[in-house]
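Chemist: Pasting a structure below so you can have a look.
Since every read-out is calculated from the coordinates, none of them should be taken as a lab result. Owing to the predicted nature of the structure, the values given are computational and were not obtained by experimental measurement. As a convention, Cβ positions derive from the backbone with ideal geometry for all residues, glycine included, and neighbour counts pool all protein chains shown.
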């Protein structure tokens, strides 16, 4: 099949912040400039037009083959369910068209190179660029999908492996834990004099704006600590190179994702009952936690060299918006010492209230179950609502 028969559909998440959607369109325009003979179109999962179903329908009407490329870092609900369901819907409408689905950006050496480059630039802004007193925090979006969160955790570990920093910790903006304020609090307790936060995001949006406010609040809360944070990285050259490789592989009949296998339910996911009932609406939508789950905060996913290990306070923590975390320590937890390690963990029962940019109550909302709240039928009469 000739490449002229292809349409490449680049799928972005979409943002409530118009500038974030504009950046995805700008990215697509820059990618088209590198490949003027390619037909590259864009679809958004939510918040922006063209939405995914109308976009894939339009691509199929003008092509014999549609290559679907998610411009998404982690394999959460959108990658594992929303996009595959849209492809299956389009396959039924256009049985004469081939559809091939590329992997998400995932965990890879190119992304690690980007993080290392951004880290190096951030270190140059510090008065005392000593990695042994500079803690790192890789700040991901957060999901109820363990594989998506695991991708971020793996990148944090890789960053620790290729750096000399005493600590590389993992934090999330929403849905899951630990949160940025908690991780910074523990890093300061452990003697970090500088903290660099690396947002694990491709483009701007409401969450990037929130991170900026959080950094300002942290600097006020810890005036003795020097803070820096890196930019989002969707326009780094490695991203387009990764997409080029995916297009080449799909055209060669290689590397396509098996939709049925991808959409299989996670056997370890607990959707009902204690603490793990999740729903999420958009970037900063409402999420809430039922029950008293065991939150092992900054110690989960942290990597440290030498010194004292992570410490977990049994507490009743309240996080109000972008401000500091108010943590009421309860020392009645089940503390235990690990011989030879010189650190103690208290098993906490944390009742955590997050009153951030999205008001939180009752149960969590995760992107894997988002209703999206948009009317696709205006563009395509028989588009399924809620995917």
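Chemist: Taking the Cα centroid of the stretch 55-91 and of the stretch 175-229, what is the distance between the two, rounded to the nearest whole Å?
Modeler: So the two Cα centres are separated by 34 Å.
Chemist: Would you calculate the separation in nanometres between label points at residue 4 and residue 29, each defined as 7 Å from the Cα along the Cα-to-beta-carbon direction?
Modeler: According to this spin-label approximation, the distance is 2.7 nm.
Chemist: Pairs of alpha-carbon atoms within less than 8 angstrom and 6+ residues apart define the contacts here; what relative contact order does the stretch 1-118 have, in percent? Display every interim value, and only then the final one.
Modeler: On the way: 181 pairs, mean separation 33.4, N = 118.
Relative contact order here is 28 percent.
Chemist: Please compute the length gained on full extension between residue 127 and residue 16, using 0.36 nm multiplied by the number of residues separating them and subtracting their Cα-Cα distance. Don't skip to the answer; put the middle values down first.
Modeler: Numbers: separation 111, 0.36 × 111 = 39.96 nm, distance 3.65 nm.
The span from residue 127 to residue 16 would gain 36.3 nm if fully extended.
Chemist: Sticking with this structure for a sec: Take residue 162 and residue 147, extend 7 Å from each Cα along the Cα→Cβ direction, and tell me the distance between the two endpoints in nm.
Modeler: 2.4 nm
Chemist: Relative contact order for the stretch 109-229 using alpha-carbon pairs under 8 Å, separation at least 6, rounded to a whole percent?
Modeler: On the way: 172 pairs, mean separation 37.4, N = 121.
31 percent.
Chemist: Moving on to the next point. In nm, what is the difference between 0.36 nm times the number of residues separating residue 108 and residue 91 and their Cα-Cα distance? Walk me through the numbers on the way to the answer.
Modeler: On the way: separation 17, 0.36 × 17 = 6.12 nm, distance 3.01 nm.
This chain segment gains 3.1 nm when fully extended.
Chemist: Compute the distance in nm between two label points, each set 7 Å from the Cα along the Cα-to-Cβ direction, one at residue 248 and one at residue 64.
Modeler: 2.4 nm
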